[in-house]
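*Asks:* Structure provided below as structure tokens; questions to follow.
The values are calculated or read from the model by the stated rules, or taken from the named source; none is laboratory data. Since the model is a prediction, treat every value here as computed from it, not as a measurement. In this analysis, Cβ positions are derived from the backbone assuming ideal geometry, glycine residues included, and neighbour counts consider all displayed protein chains. In case anyone asks, the SASA skips ligands and DNA or RNA and just uses the protein heavy atoms, side chains included. Shrake-Rupley method; radii C 1.70, N 1.55, O 1.52, S 1.80 Å.
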Amino acid sequence: MVKISLDVMGGDFGPEVVIPGAAKALERHPDITFVLFGQKDKCEALLSRYPKLKEKSVFNDCDVAIGMDEKPSQALRRGRNVSSMWRSIAAVKTGDADVAVSAGNTGALMAMAKFCLRTMPNIERPAIAGIWPTLKGESIVLDIGATIGADAKQLLDFAVMGGAMARALFEIERPTIGLLNVGVEEIKGQEDVREAGRMLREANIDSLNYYGFVEGDDLGKGTVDVVVTEGFTGNIALKAAEGTAKQIAAYLRAAMSRSLLSRIGYLFAKGAFDALKEKMDPRKVNGGVFLGLNGIVIKSHGGTDAEGFAAAIEVGYDMVRNGLTKKIENDLKLYHDLFPTNAGPEAA
């Protein structure tokens, strides 16, 4: 069994999305049990509509729900030990759950996760890793918004953690790693990015295949299995990709309804358009993984629907089943044993 704790109050719609999403995930994965944290008066009636989910869940009443607009410091002060968000994370710490999933405030969730679970040894900053649809399938991009900026050794840690996630999720023995940059030439980009590239080349870690620098258009091509960047750039890339997908979908809808002939053509090509819609559906790749913590936390999009939240739960499910935390610990230990100061080959 995989035990998953849920912040039922998190997100733009709270229980109205989280509970149906959990029911969908349970249908597809009957070996899940849930630990639910929420406000009883807002969840009880809705939960009763899903008897199978209710049977496979333990519900915990919480006094406080963290708002989507709360500052992380405020959320910590108000919600520590009592909020649905905090208690869902604490369940991972105590072993009552294998993974926590929340659609709540990203900053608050990261602050609480860091405070409650702590970071792994020698990890200065956790990262949020997202699954990215590509022409070749899927890749992993991190960091997509946990922190702004990163130095060379932090980028290298992101690469190691992202590689471990790729091994867990895609079952690739030696995933390819690329550093996002403004060009592929070694002389281009910020000093920290160039230094991280040098460190990755010289470390020559057996579990990683360092590809080199990649550019923005390589994200969609699937040039590498893992794209590494800092949170500011990664979050902009994520939002730009989501916006582009919505733009293309709007263009297609307008084109297909422009005339009677185009509507008739749409009927003949409906299968192809349905396949395109499925491929571009952001709900299918919902769920950012917090990496670098002593436990697994999944961040769902706050505005997703039940299908999207189910996808985030399934990301957590896959991470637990494939031993993500242990893989990250082993890979980080390998690197830190090579370079104890975590300062790169010159310090060894």
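*Asks:* Restricted to region 298-330, and to residues that are at pLDDT below 85 and open to solvent by less than 10 Å² (accessible area, probe 1.4 Å), which residue is nearest to Lys93 (Cα to Cα)?
*Replies:* The extreme case among them is Leu324.
*Asks:* While we're here: So which residues in region 144-159 are modelled with pLDDT under 90 and aliphatic (A, V, I, L, M), if there are any at all?
*Replies:* Result: Ile144, Ala146, Ile148, Ala150, Ala152, Leu156.
*Asks:* Let me spell it out: the conditions are (1) touching a residue at least 24 places away in the same chain (Cβ under 8 Å); (2) surrounded by fewer than 21 Cβ atoms within 10 Å (Cβ to Cβ), and Ile144 meets all of them except one. Which number is the exception?
*Replies:* (2)
*Asks:* Taking the criterion of being part of a loop (DSSP other than H, G, I, E, B), open to solvent by less than 50 Å² (accessible area, probe 1.4 Å), under 28 Å from Tyr317 (Cα atoms) and touching a residue at least 40 places away in the same chain (Cβ under 8 Å), would at least one residue in region 233-252 satisfy it? First the steps, then the outcome.
*Replies:* Initially, region 233-252 is screened for residues part of a loop (DSSP other than H, G, I, E, B), giving none.
No, every residue in region 233-252 fails to be part of a loop (DSSP other than H, G, I, E, B), open to solvent by less than 50 Å² (accessible area, probe 1.4 Å), under 28 Å from Tyr317 (Cα atoms) and touching a residue at least 40 places away in the same chain (Cβ under 8 Å).
*Asks:* Here is a further query. Would it be correct to say that Ala75 is among the aliphatic types (A, V, I, L, M), crowded, with 23+ Cβ neighbours inside 10 Å, farther than 20 Å from Ala312 by Cα and touching a Ser or Thr at 6+ places or on another chain (Cβ under 9 Å)?
*Replies:* Spelling it out, Ala75 is indeed among the aliphatic types (A, V, I, L, M), crowded, with 23+ Cβ neighbours inside 10 Å, farther than 20 Å from Ala312 by Cα and touching a Ser or Thr at 6+ places or on another chain (Cβ under 9 Å).
*Asks:* Looking only at region 44-70, filter to residues that are assigned to a loop (DSSP other than H, G, I, E, B) and of a type in the set (Gly, Ala, Ser); which one of those is most open to solvent (accessible area, probe 1.4 Å)?
*Replies:* Ser48
*Asks:* Have a look at Ala97, Ala127 and point out the one that is under 17 Å from the mean Cα position of the chain (by Cα) and buried (at least 24 other Cβ atoms within 10 Å of the Cβ).
*Replies:* Result of the check over Ala97, Ala127: Ala127.
*Asks:* In region 169-206, how many are part of a helix (DSSP H, G or I) and either open to solvent by 70 Å² or more (accessible area, probe 1.4 Å) or modelled with pLDDT of 80 or more (or both)?
*Replies:* Filtering region 169-206 down to residues part of a helix (DSSP H, G or I) leaves 169-170, 191-203.
Pick out the ones that are also either open to solvent by 70 Å² or more (accessible area, probe 1.4 Å) or modelled with pLDDT of 80 or more (or both) and you get 169-170, 191-202.
Residues meeting the conditions: 14.
*Asks:* Moving to a separate point now. Just give me the residues in region 100-124 being β-branched (Val, Ile, Thr) and open to solvent by 20 Å² or more (accessible area, probe 1.4 Å), in sequence order. First the steps, then the outcome.
*Replies:* Let us first name the residues in region 100-124 that are β-branched (Val, Ile, Thr), namely 101, 106, 119, 123.
Result: Thr106, Thr119.
*Asks:* Residue under question is Lys3, and the condition is that it be under 18 Å from Asn286 (Cα atoms), among the basic types (Lys, Arg) and touching a residue at least 60 places away in the same chain (Cβ under 8 Å); does it hold?
*Replies:* no
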